[in-house]
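Report on the structure given below.
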Amino acid sequence: MEGTLIEPQTVEYGGKITTPAPPTRKSYIFAGWYRDTVYNTLWNFATDTVNNDVTLYAKWVVMDIDGNIYKTVKIGNQVWMVENFKATRFNDGTSISNVVDSGVWAGLTTPGYCWYNNDFNNIATYGALYNWYTINTGKLAPAGWRVPDTTDWNTLQNYLIDNGYNWDGTTIGNKIGKSLAAKTNWQLSTTLGNVGNDLETNNKSGFSAMPGGFRYSNSIFNNIGNFGFWWSTTEFFESSAHYYYLNNYSGSLTKYNIEKNCGYSIRLLRDYY
């Protein structure tokens, strides 16, 4: 059962906690899930039928308030979700407005979300697009998790550069786009080192960034397949905030700023413990 994602369940756990790779001894059998109520993380655990103990061995997934399950990856001292967030409610159970109407979206200064092209079928691959007012409530992330600020994004960027995740293996310059980008759904590029070039060599970090596009402040949807945009919590001016993006014809992770009523993707993280 190793590596198989099943419906999680809350179970009692009284064994030892370890953090190595999954156990390889044949005496181990898959047992179930343990819910960490502090970090809202579901851990996979196994039982050793010879030594009669239980070992909690892998931090697998986290669940949002809607029951959506997200896999995670450890990068340096950070743990990131490897999928875009898609919850339709805040962590206190209150609903986030699903704003379909173009005129309403354009004038919004309160929390709101949508699916790309207002098409629910995009949820599985690309998650939801949120305006910045949604994350500014501080109520979006599950307990123990957070929306990244620019410091968090810069920590990720610097770790990848310093540890050889540039596409050419160097530790100078920002060439980490391919290591962050998923191996699918990106428009192709013929230029060496671009995210869209030779997709099979992408995703060395396991971050699995998808090109989910965005919804502009005037409500126009654009750039699915070419760009992935992710909010930070850090403001730029009163009406704008910083975000980070990848695109298929570049090899870097780039920071910029945009109006707060744009719809961008969100990735959550927590510190490793």
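The values are calculated or read from the model by the stated rules, or taken from the named source; none is laboratory data. Predicted model only: the values in this text are computed from it and were never measured. Positions of Cβ are generated from backbone atoms using ideal geometry, with glycine treated the same way; all protein chains shown enter the neighbour counts.
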- Looking at 115, 145, 105, which is the one that is under 25 Å from residue 256 (Cα atoms) and free of Cβ contacts under 8 Å to residues at least 24 places away in the same chain? 115
- Among the residues of segment 224-253, how many are surrounded by fewer than 20 Cβ atoms within 10 Å (Cβ to Cβ), under 24 Å from residue 205 (Cα atoms) and either free of Cβ contacts under 8 Å to residues at least 60 places away in the same chain or not hydroxyl-bearing (Ser, Thr, Tyr) (or both)? 4
- Message: Could you go through segment 209-218 and let me know if any residue there is buried (at least 17 other Cβ atoms within 10 Å of the Cβ), in contact with a helix residue (DSSP H, G or I) (Cβ under 8 Å, 6 or more places away or on another chain) and at pLDDT below 95.
- Response: yes
- Query: Only one of 164, 138, 193, 144 is modelled with pLDDT of 95 or more, within 20 Å of the chain's Cα centre (by Cα) and on the phi > 0 side of the Ramachandran plot; which?
  - Reply: 138
- Evaluate segment 126-133: report whether one residue or more is surrounded by 23 or more Cβ atoms within 10 Å (Cβ to Cβ), touching a Lys or Arg at 6+ places or on another chain (Cβ under 7 Å), in a helix (DSSP H, G or I) and assigned by TED's automatic domain parsing to the domain that holds residue 221. yes
- For segment 202-273, please list each of the strands (runs of 3 or more DSSP E) lying entirely inside it that holds at least 2 residues being hydrophobic (A, V, I, L, M, F, W, C). 221-224, 227-237, 240-247
- Query: In the set 223, 185, which member is over 28 Å from residue 61 (Cβ atoms) and either modelled with pLDDT of 95 or more or of a type in the set (Gly, Ala, Ser) (or both)?
  - Reply: 223
